[in-house]
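The structure appears right after this line, and notes come after that.
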Amino acid sequence: MIRHLTTHPARSLGRVLGELGPTLLDLLYGDAEGAVEIGGVGIHDPYDEQHYPPHAIVLGNGVQGAGHIAELLYGLRAHAAAALVVRGPVPDPAGLERAVEESGVALLALTPGASWAQLAAMLRTLLSEGDVGEAGENTLGGVPSGDLFALANAVATLLDAPVTIEDRRSRILAFSGGQDTADAPRVASILARQVPDRYLRLHEEHGVFKELYRGKGLVRVPAPTLGKEVALPRVAVAVRAGDEFLGSVWAAVRTPLTAEREAAFVEAAQLVALHMLRFRAGTDAEYRLRADLVATALEGGAGAIAALGRLGLTDEPTLVMAMGLPTGDGADHAHVTAEHQRLATALAVHLSAVQPRSAVALLGEVAYALFPVPADAGRARERAVQVASDFLRRTGGRAGAVVGIGSVAAEPAVLARSRANADRALRVLAGRRGGERVAAISDVYVDALLLEMRDLALGNRDELSGPLARLVAYDAAHNARLVETLRAWLDAFGDVVAASAGMFVHPNTFRYRIRRVTEVGGIDLRDASARFAAMLQLRLMDSDRAARPERVGPGG
């Protein structure tokens, strides 16, 4: 299934759950759609007098047991708290529904394994939208706040060695000048903005990352050699905010650092942490603002006009692309989330090169792109399919991403229809095995209708009936393959020779089975309406089987 993120006010509980759930938070009971604006984050302390911001999200660290949780919920009513977070799994959660309803405080569960410090930091960053000013408004350590490139140059000057600042996945966030004096692997890293995989594997084998994650001092990395490729020795230091690992700083050194420079490197890492937090807050706020504008535009209506105006997309027709990842039930959610983010960023870069006015946002597990197109619907569809296909070809097939393309929206008010059609095309692709990875709704319209008819039948709890139901029951009792015979006959337009060859049986045997189909099923194959009804039911059965094994995104 395809899960979408609905549009919520920036400081609402729905927004918090949309951004952090279900990776960190699950809503057990309460109203996530309420309009109350969250005033901040509070931490419950049973041994001190409590003072919470108005409509706070309260972190119940150490609160256990249904009775204790219920007591705290009623106590938070006096503070007008918006929600209480406790460690999951919660024992006997059903018994807490009444306490939530009477107190008006929503109850959330923190995913096992997630830290309270991580949750508090993310909540404060999430709720700080609009509070983060421009990066140049203040400085940290004499460097403009959040300017990682200026900071990298400052550290490089201290060490007299070229420096890179990297995130937790060894992506290059910033680098100093003088990289040409380093080595080929460093230059390759700068160009790709990512440390090459071959060196990442080498560092993992030698325990470099383990030492970085666990230690607080410098990590000295001897000159790695891969084949004929020789690199300079490295000195690295972890960048932390409390117990959270933010990334690392790497220096390529030709001679060992002096004790004075080593001490300066360790001290610089603390300053890098402050800048990375400021940089992350600014980036997150900007991304969330853009995501909100895209989400508002996708809703259509009057609000879409203003949102598209801020995105610069009001002057020409637009269509929606929807990109998702087919995943099984046992998929690693953290890995899938990282892949979603990686591909959404890559799609934004790709589309900006093709059409600078395009806009991309990851909403839930689906990346949506607003893509300006020509007014001619046929040309628009061909252009969008070509652009999406080029993107998937360049990113490779290992992620298994698929892209659904919606209809052309000539005006903002009908952009929601384009989004719905992109979702429909994406759903069709998600149920297929291999083959197509890009499809416009006009190309898979009938398949989308069949899936929706199946949903309607399931919603009404309709059961298989008529001739096909009798054939299915007979096959189950006698293993007669009558349903398969009917399908082969219909697919071959009544050509017995072709149909029998497809089933690897003699034509006479096939004719006998067709007679049994008419006798057992009570179906008149000379009647066009009866044939159409049988074909439709067979297709619905096929789409039901195809829709079960995979879904787009881990939720739904």
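Working out 0.36 nm times the residue gap between Thr395 and Glu244, then minus their Cα-Cα distance, what length gain in nm do you get to one decimal?
Contour length minus the Cα-Cα distance gives 51.3 nm.
Which distance in nm do the two modelled labels at Asp495 and Glu299 give, with both placed 7 Å along the Cα-to-Cβ direction?
5.4
What length, rounded to one decimal in nm, is gained on full extension from Tyr213 through to His68, with 0.36 nm per residue of separation minus their alpha-carbon distance? Walk me through the intermediate numbers first.
Details: separation 145, 0.36 × 145 = 52.20 nm, distance 3.63 nm.
Between Tyr213 and His68, full extension yields an extra 48.6 nm.
What full-extension length gain, to one decimal in nm, is calculated for Ala80 and Arg310 as 0.36 nm per residue of separation minus the Cα-Cα distance?
Once the chain is fully extended between Ala80 and Arg310, it gains 79.2 nm.
Through the Karplus equation 6.51 cos²θ - 1.76 cosθ + 1.60, θ set to phi - 60°, convert the phi angles of region 220-234 into ³J(HN,Hα) values in whole Hz; use x for Gly and Pro.
9, 10, x, 4, x, 10, 10, x, 8, 8, 10, 10, 6, x, 10
Whole-Hz ³J(HN,Hα) for each residue in region 93-109, computed from phi via Karplus 6.51 cos²θ - 1.76 cosθ + 1.60 with θ = phi - 60°, x for glycine and proline: what do you get?
x, 4, x, 9, 4, 5, 4, 5, 5, 6, 7, x, 10, 5, 10, 10, 10
Only sites in a loop by DSSP and with at most 15 other Cβ atoms within 10 Å count here; which trypsin sites (Lys or Arg not before Pro) in region 190-258 make the cut?
Arg193, Lys216, Lys228, Arg254
Summing Lys, Arg as +1 and Asp, Glu as -1, what charge do residues with Cβ under 12 Å from the Cβ of Val349 carry, Val349 excluded? Let's see the in-between values first.
Working: positive: Arg193, Arg342, Arg394; negative: none.
Computed value for this residue: +3.
Please give me the summed charge of the neighbours of Ser407: other residues whose Cβ is under 11 Å from its Cβ, Lys and Arg +1, Asp and Glu -1.
Around Ser407, the charge tally is +4.
How many nm separate the modelled label positions at Glu267 and Glu484, each set 7 Å beyond the Cα in the direction of the Cβ?
Output for this residue pair reads 7.9 nm.
For Ala473 paired with Asp180, estimate the spin-label separation in nm (one decimal), with each label point 7 Å from Cα along the Cα-to-Cβ line.
A separation of 8.3 nm, rounded to one decimal place.
So for Phe149, Phe510, fewest C-beta neighbours within 10 Å to most, what's the order?
Fewest to most other Cβ atoms nearby, the residues stand as Phe149, Phe510.
Bear in mind that the values in this text are calculations on the coordinates, not laboratory data. The shown structure was predicted, so the numbers you read here are calculated from the model rather than taken from an experiment. So basically every Cβ, Gly included, is an ideal-geometry build from the backbone, and we count neighbours across all protein chains shown.
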